[in-house]
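Here the structure comes first, spelled out in structure tokens, and everything after it is commentary.
The values are calculated or read from the model by the stated rules, or taken from the named source; none is laboratory data. Model, not experiment: these values are computed from the prediction. Glycine gets a Cβ as well: all are built from the backbone with ideal geometry, and neighbour counts include every protein chain shown. These accessible areas exclude ligands, DNA and RNA; they are computed on the full protein's heavy atoms, side chains included. Shrake-Rupley method; radii C 1.70, N 1.55, O 1.52, S 1.80 Å.
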Amino acid sequence: MASLSVKPGQRFTLPDWQNNSLLISADAEQERFNSHHIRQEGRALRNETGNQAKWDEHSSRTQLKDRITSVDRWREALARCLTEIDLEIDALTKVKEAAENALQAKNLCLDVAIECLTFRESRRDIDVVRDPVEEELLREVKVIEKTKKELQKRVDEAFRQLCLLKEARQQLSCDHRHKVEALELDRQCLSFNVTSGNISFKVNPTRIPDGTTALPEWEQISQSNKDRAEAEMSASVDLRGAITLTIAQTNNELDAQRIATEFALRKRMRDMESALSELRWQEKNTWEEIAEMEEEIRQLEEELRKRTLDLKVAHTRLETRTYRPHIELCRDQAQFGLTDEVQQLEGTIRALQQKRTESQDALDALYRQLHRIQTDIGYKTNSLQLDKKCMDTRRKLVIPVEKFDPEVDAVSRTRNLPREGQQELT
């Protein structure tokens, strides 16, 4: 007899089953509520952090731009100051060299005075007197020695001032170079964005590097460098004025006998200019003849080309007529005419070639002659320039003292000093 098979195990009641379904539904509702709440919070957080990040990036970009503007303004100021101090160093160097040349020139005056005193020591007996000439010579020696001491003092002051200027310039140059480098880095930072290929995480990027300075200290250092350079330039301008005045007080007009040398130089320069004028006229005419000869050669070559083409035509006609059949291959008038044409064209081509060769030889001769003319012009121009340099060099002997006083340029802070070759050193 068969029996009902019953699965062993725990049996739940119907209320248990219903309670389990209600619990699952309630849990699902709660989880959905929690998920919705978290989603809303996440959306709000995304909006808030996105806006905050954009504002922070905008603020950082603005601050970088402001910093770049500030550093660039200082860079321009330091660059102008560097230019001015370079001009001042150059001007002071030239004045120092002029003072050294003036000091060297005083040796001749001193030697002459001492030599005159030495000559007068050879006087004998009653002529060995303390006359006004000897007193003036002794006074001249004292004045020259005093002048040399004053010039040497000015040279030493100029040397010390040059050292101070170069030291200030070195500080300015270093500060300017650092600002240029900082500008490049800040501009590179300003160019970075989220699509840049060279961005990455760094180790402790918010650390404060060693040697970091505060903003007031940074500006104070640059201002101090600029103020020091301006102070040294002002002192240099004053020193140049004092040196120039010292040099001007020691200069004298040249002796009258030097006029003869300058007269001879001027006469020689006039003769040289006349010879140069004649050579340049010859050069101009030679160039014109060369141009005409080159044009003639081009025309001869063009005529040769045309006659060569004509000869080709005549040759082709003659060659073509050799293929006439049988009795048609006769020496008719056309044959005679073509033969005469070929002979005439060959003679013409030979004549044209001969003339082209002659023309080319003539052109080569013209170029050789032109080279001789230009070489001679170069020699005479060099001689004339040397004579002019001699005149320029001799200007230091004729510049009056009152014209040597330089004018100060208030903009460039430099004095318009005569060149070394223009100063009168006696």
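A few remarks follow.
- Calculated FRET value between A26 and Q170, using beta carbons and R₀ = 60 Å, to 0.05: 0.15
- Rounded FRET efficiency, nearest 0.05, which uses the C-beta distance separating E217 from T62 and R0 of 22 Å: 0.40
- Extension gain for F12-T375 works out to 117.8 nm (0.36 nm per residue, less the C-alpha to C-alpha distance).
- Within the range 268-316, all pairs of alpha-carbon atoms sorted by distance into 10 Å bins from zero give the percentages 23, 23, 19, 14, 11, 7, 3, 0.
- Label-point separation, D90 to S70 (7 Å along Cα→Cβ), nm: 3.5 nm
- Note on E289 and L329: with the Förster distance fixed at 45 Å, the Cβ-Cβ geometry gives a FRET efficiency of about 0.25.
- In the range 46-112, the trypsin sites (Lys or Arg not before Pro) that fall in loop regions by DSSP, at most 14 other Cβ within 10 Å: none
- Using bins of 5 Å that start at zero, the share of Cα-Cα pairs per bin across the range 173-238 amounts to 3, 12, 12, 20, 16, 12, 9, 6, 4, 3, 2, 0, in whole %.
- Whole-percent carbon and sulfur share, accessible surface of the range 150-194, 1.4 Å: 54 percent
- On a per residue basis, the range 288-361 carries 72 Å² of accessible surface, using protein heavy atoms and a 1.4 Å probe.
- Linear extension gain, R46 paired with V143, 0.36 nm per residue minus alpha-carbon span: 25.8 nm
- Sparsely packed chymotrypsin sites (Phe, Trp or Tyr not before Pro) within the range 1-96, loop by DSSP, other Cβ within 10 Å at most 11: F12
- Projected onto planes of every orientation and averaged, the convex hull of the alpha-carbon atoms in the range 62-102 covers 2.4 nm².
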